[in-house]
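Working notes for the structure below.
The values are calculated or read from the model by the stated rules, or taken from the named source; none is laboratory data. These figures come from a predicted structure and were not determined experimentally. Every residue, glycine among them, receives a Cβ derived from its backbone with ideal geometry; neighbour counts consider all protein chains shown.
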Amino acid sequence: MTPDELPVDRGAAVVRGAWRSLLAAMLFALAALLHRSLDWSVLWRTDFASCLALGGVFVLTLVLGAVAAWSALRWLLLAMWPAWVGVRVRPHHMLLCFGPFGRFDLDAARIRVAAPPDADEAAPAEFDAPRVTHPALRRDLAETIQIYCRVEPERVRAVFSTL
């Protein structure tokens with residue numbers, strides 16, 4: 001690893017994918033349990049409002065399980081991605097390669113650094129991090145690098161100093 005490269009922490013991606021897989025499995029199991037435990041035809045004829053409410057809970061559980069499974073699949077794919085994934089910094093240019101989460105070419109001229117609003121004197125330095133934005137990303141650039149690469153804030157500041 002060179003000083004201008006930050007690889008994605010694949011171990012952390014496996015852990016995130018595993019936790020999300022567990023959540024998806026639990027939601028699908030809950031939906032299966034709900035579906036099997038009720039006699040839907042009798043419930044439909046005798047208590048229509050409860051049938052609709054339980055049907056809504058069933059569908060919501062299925063949808064949340066599918067969202068969790070999709071998220072888990074993306075994190076596990078990131079861990080197994082065959083190409084290099086991470087952040088590469090060159091003068092006036094930053095490349096974010098996050099496999100199934102996307103690839104972003106960021107020019108340094110459009111990166112904006114905003115000071116934190118009214119930083120409290122008693123707060124530790126890591127909470128006073130400036131907000132770093134780029135029009136191509138929806139979230140804070142420094143936060144994105146920390147999420148995927150699992151590096152300390154000082155290392156992220158060092159990466160931005162090379163731009």
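So that you can scan it fast, the table gives a plain yes or no per residue for (1) over 21 Å from the mean Cα position of the chain (by Cα); (2) in a loop (DSSP other than H, G, I, E, B); (3) modelled with pLDDT of 85 or more; (4) small (Gly, Ala, Ser):
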position	(1), (2), (3), (4)
PRO117	yes, yes, no, no
ALA122	yes, yes, no, yes
GLU126	no, no, no, no
VAL132	no, no, no, no
PRO135	no, yes, yes, no
THR144	no, no, yes, no
Next item on the list: Determine whether region 14-35 contains at least one residue that is under 22 Å from MET80 (Cα atoms) and either basic (Lys, Arg) or outside the structural domain of LEU76 (by TED's automatic domain parsing) (or both).
Entry: yes
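Restricting attention to region 51-60, does a residue exist that is under 14 Å from the mean Cα position of the chain (by Cα) and more than 27 Å from ALA108 (Cβ to Cβ)?
We begin by selecting, within region 51-60, every residue under 14 Å from the mean Cα position of the chain (by Cα); these are none.
No, that holds for no residue.
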Item checked: Within region 82-115, tally of residues that are of a type in the set (D, E, K, R) and either modelled with pLDDT under 65 or out of contact with any His (no Cβ under 8 Å at 6 or more places or on another chain) (or both) -> 3
Note to self: Show me the helices (runs of 4 or more DSSP H) found entirely inside region 1-100 where at least 3 residues are touching a residue at least 24 places away in the same chain (Cβ under 8 Å).
What the structure shows: 10-37, 48-80
Next item on the list: Scan region 60-79 residue by residue and report those that are among the hydrophobic types (A, V, I, L, M, F, W, C) and within 15 Å of ARG10 (Cα to Cα).
Entry: ALA72, LEU73, TRP75, LEU76, LEU77, LEU78, ALA79
